[in-house]
Amino acid sequence: MFVDTHMHECTFSTDSFLSLKEIVEIAKAKGLDGVCITDHDSMGLKETAEAYSREIGFPIFVGIEYYSLQGDIVAFGIETYPDTRIDAQDFINMVKAQGGVCFSAHPFRNNKRGLEENLKIVQGLDGIEALNGSASYEANKKAYEYAKELGIQAVGSSDCHVPEKVGGYATWLPEYVTTLEQFIEVFKRGLCKPAVYENGRYRIVESL
């Protein structure tokens, strides 16, 4: 199952030019099996997305891209989250306490919003975004190498804000899931892999 695990919708991510309907239409056309809406510091789209997911019969999982003091972290499975910036470890602990999962977003992207060397300090991450649609090849390669070194699963996401970015990268899940609870359960096992969209299909990336 291929899922784009980091996407921004225009209602709550004001830097996005994508509606939920547009995201889903492009994702389905490319062959994605599900999408994740991870708006900046907000889960405001949760009820709308869940209702739309049921209506169209297509998995839409809502999480959050939270800007911690050390960098961005994508999380799923939480009901409450800080309304101010807090330490990355404190946020990870909060996610874990609620039974959720989280991964480091674009850790070495040149926007100063990645965890960078803090990857070696924080504890409890369930993944590292090794393929990010807004990061350079060098930044993605470094993230992939850190994931391997630290023994943390590498994932892929488009981090899309515009139509042409949707589904450029994705995450392969070893089994098909339809609910957020199932998604979290599978993600926790640590067997996911990053994937790239090439020549009209998705290909699992085993090395960079």
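Please treat every number below as a calculation from the coordinates, not as lab data. Just so we're clear, the structure is a prediction, and the values are computed from it rather than from any experiment. When we count neighbours, we look across all protein chains shown, and the Cβ atoms used for this are built from the backbone with ideal geometry, even at glycine.
Looking only at the range 128-138, which residues are surrounded by fewer than 24 Cβ atoms within 10 Å (Cβ to Cβ) and in contact with a strand residue (DSSP E or B) (Cβ under 9 Å, 6 or more places away or on another chain)? Please lay out each step first, then the result.
Initial filter on the range 128-138 (surrounded by fewer than 24 Cβ atoms within 10 Å (Cβ to Cβ)): 134, 136-138.
Result: SER134, single match.
Out of (1) without any contact (Cβ under 8 Å) to a residue 40 or more places away in the chain; (2) touching an Asp or Glu at 6+ places or on another chain (Cβ under 7 Å); (3) over 18 Å from ASP90 (Cα atoms), what's the single condition that is false for CYS36?
(1)
Does VAL3 satisfy being in contact with a Cys (Cβ under 7 Å, 6 or more places away or on another chain) and assigned to a strand (DSSP E or B)?
On the way: in contact with a Cys (Cβ under 7 Å, 6 or more places away or on another chain): yes; assigned to a strand (DSSP E or B): yes.
The answer is yes for VAL3.
What tally of residues in the range 165-198 results from selecting those that are without any contact (Cβ under 8 Å) to a residue 12 or more places away in the chain and hydrophobic (A, V, I, L, M, F, W, C)?
Number satisfying all stated conditions: 0.
Just checking, does the range 72-82 include any residue being aromatic (Phe, Trp, Tyr), out of contact with any His (no Cβ under 6 Å at 6 or more places or on another chain), more than 21 Å from ASP4 (Cα to Cα) and surrounded by fewer than 24 Cβ atoms within 10 Å (Cβ to Cβ)? Reasoning before the result, please.
Of the range 72-82, the ones aromatic (Phe, Trp, Tyr) are 76, 81.
Next, from what is left, pick out any that are out of contact with any His (no Cβ under 6 Å at 6 or more places or on another chain): 76, 81.
Next, only the ones that are more than 21 Å from ASP4 (Cα to Cα) stay: 81.
Then drop every residue that is not surrounded by fewer than 24 Cβ atoms within 10 Å (Cβ to Cβ), which leaves 81.
Scanning the range 72-82 turns up at least one residue that is aromatic (Phe, Trp, Tyr), out of contact with any His (no Cβ under 6 Å at 6 or more places or on another chain), more than 21 Å from ASP4 (Cα to Cα) and surrounded by fewer than 24 Cβ atoms within 10 Å (Cβ to Cβ).
Please verify whether the range 47-56 includes one or more residues that are buried (at least 16 other Cβ atoms within 10 Å of the Cβ) and touching a residue at least 60 places away in the same chain (Cβ under 8 Å).
no
Given (1) over 12 Å from the mean Cα position of the chain (by Cα); (2) touching a residue at least 60 places away in the same chain (Cβ under 8 Å), identify the lone condition not met by ALA105.
Every condition holds for ALA105 apart from (1).
Quick test for you: out of GLY114, GLY133, GLY124, GLY100, pick the one residue that is under 14 Å from VAL74 (Cα atoms), touching a Lys or Arg at 6+ places or on another chain (Cβ under 6 Å) and of a type in the set (Gly, Ala, Ser). It would help to see each step written out before you state the result.
Working: GLY114 fails: touching a Lys or Arg at 6+ places or on another chain (Cβ under 6 Å); GLY133 fails: under 14 Å from VAL74 (Cα atoms); GLY100 fails: touching a Lys or Arg at 6+ places or on another chain (Cβ under 6 Å).
Sole residue among the options that is under 14 Å from VAL74 (Cα atoms), touching a Lys or Arg at 6+ places or on another chain (Cβ under 6 Å) and of a type in the set (Gly, Ala, Ser): GLY124.
Which of the residues that make up the range 123-136 are in contact with a Leu (Cβ under 8 Å, 6 or more places away or on another chain) and either of a type in the set (Gly, Ala, Ser) or free of Cβ contacts under 8 Å to residues at least 24 places away in the same chain (or both)?
ALA130
How many residues are in contact with a helix residue (DSSP H, G or I) (Cβ under 8 Å, 6 or more places away or on another chain) and either surrounded by fewer than 21 Cβ atoms within 10 Å (Cβ to Cβ) or of a type in the set (Asp, Glu) (or both) when one looks only at the range 87-120?
Count: 4.
Just to verify a result, which residue in the range 4-13, among those that are surrounded by fewer than 21 Cβ atoms within 10 Å (Cβ to Cβ) and touching a residue at least 24 places away in the same chain (Cβ under 8 Å), is nearest to HIS106 (Cα to Cα)?
Of the residues in the range 4-13, the ones surrounded by fewer than 21 Cβ atoms within 10 Å (Cβ to Cβ) are 10-12.
Keeping just the survivors that are touching a residue at least 24 places away in the same chain (Cβ under 8 Å) gives 11-12.
Working: THR11: 22, PHE12: 20 Å.
So the residue we want is PHE12.
What do you reckon, is ARG113 of a type outside the set (A, V, I, L, M, F, W, C) and either on the phi > 0 side of the Ramachandran plot or in contact (Cβ under 8 Å) with a residue 12 or more places away in the chain (or both)?
Numbers: of a type outside the set (A, V, I, L, M, F, W, C): yes; either on the phi > 0 side of the Ramachandran plot or in contact (Cβ under 8 Å) with a residue 12 or more places away in the chain (or both): yes.
So ARG113 passes the test.
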